[in-house]
1. Considering only the range 107-126, I want to know if a residue exists there that is in contact with a Ser or Thr (Cβ under 9 Å, 6 or more places away or on another chain), closer than 27 Å to PRO219 by Cα and buried (at least 20 other Cβ atoms within 10 Å of the Cβ).
2. If you check every pair at least six apart or on different chains, which have Cβ atoms under 7 Å apart with a residue in the range 24-50 that is of a type in the set (S, T, N, Q) first and a residue that is in a helix (DSSP H, G or I) second?
3. Inside the range 16-33, can you point out the residues that are over 24 Å from the mean Cα position of the chain (by Cα) and not in a loop (DSSP other than H, G, I, E, B)?
4. How many residues are crowded, with 18+ Cβ neighbours inside 10 Å and either not assigned by TED's automatic domain parsing to the domain that holds ILE178 or not in a strand (DSSP E or B) (or both) if we restrict to the range 220-259?
5. Which condition from (1) farther than 16 Å from VAL5 by Cα; (2) among the charged types (D, E, K, R); (3) in a loop (DSSP other than H, G, I, E, B) is the one that GLU86 breaks?
Amino acid sequence: MITRVGIVTKPNLTAVSADLPVIVEWLRARGVEAVFDTDTAGLTHDARATVVSRDDLPRHVDLILLLGGDGTLLGMADRVAQADLEVPILGVNFGGLGFLTEITYPEMFPSLEAALAGTALVESRMMLRARVERNGATLHDRRVLNDVSVTGGSLSRIVEFVVSVGGEFVASFHADGIILATPTGSTAYNLSAGGPIVHPAVDALVLNPIAPHTLTNRPVVIPADGEVVVQPRAKGPDAEAFVTFDGQAGERLETADIVRVQRAPRPVRLVRASTRSYYQVLRQKLRWAER
């Protein structure tokens, strides 16, 4: 039963200021409490509203109503996973492409009604756990929905990426980087780098070398149950490498650092629009198969 709905917006999204009181009253009329994160609370003047930090929000609600774009959803998915919860996210597109936040504003209240009634279409999407290890110690432990990328620096220096899957050596790639994408993330950075589209129901990952120096190094779809280990080996004193999580945060890697990626213990649950299929989203958002 949904009794508390968290409301999160894209930072500084003043365009929704007039909509927030309407949403709150709509929820209250149905006996549901609205909970704001600190940033979103600044867009409304509801003195009765419960306010918590964005990091703590998943622990206080049964559903998250997100008004923003895909970047906002990626950040919230990470927070839900870090809290070790599976709070559903209903994303309403106030951004650009809106591939993940596919629900339109006119569809918001019908989608909310379905979520409260327990009839909404909710999909479980695989998330990844990514760890950076240095000298045997874990420096970073992140959750990502789309992808983990390990890349070279801004200068054109050769970096070798040694990759293993499930304890088995795969290859040493001479490339600009390596993308490890979930099916959800297959339509993001992976697609721009020439990788395949993978339906989100497929239990697999995409291992995609970025601009490989050998043309036979093509993307490969691998099972999702094995740990992937990527170790960058810089060639030359000025070469450097970085790891990026969902395009939201990144860290510079030192020589001998190891990036370990595996399926996260819990998926993220996304409320989908009941009016369109995944293939319709591909056609509408990506203009897929139009020519």
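The values are calculated or read from the model by the stated rules, or taken from the named source; none is laboratory data. Owing to the predicted nature of the structure, the values given are computational and were not obtained by experimental measurement. Every residue, glycine among them, receives a Cβ derived from its backbone with ideal geometry; neighbour counts consider all protein chains shown.
1. For the range 107-126, residues in contact with a Ser or Thr (Cβ under 9 Å, 6 or more places away or on another chain), closer than 27 Å to PRO219 by Cα and buried (at least 20 other Cβ atoms within 10 Å of the Cβ): present.
2. Within 7 Å, the pairs are THR44/LEU20; THR44/PRO21.
3. Residues satisfying the conditions are ASP19, LEU20, PRO21, VAL22, ILE23, VAL24, GLU25, TRP26, LEU27, ARG28, GLU33.
4. So the count comes out to 4.
5. (1)
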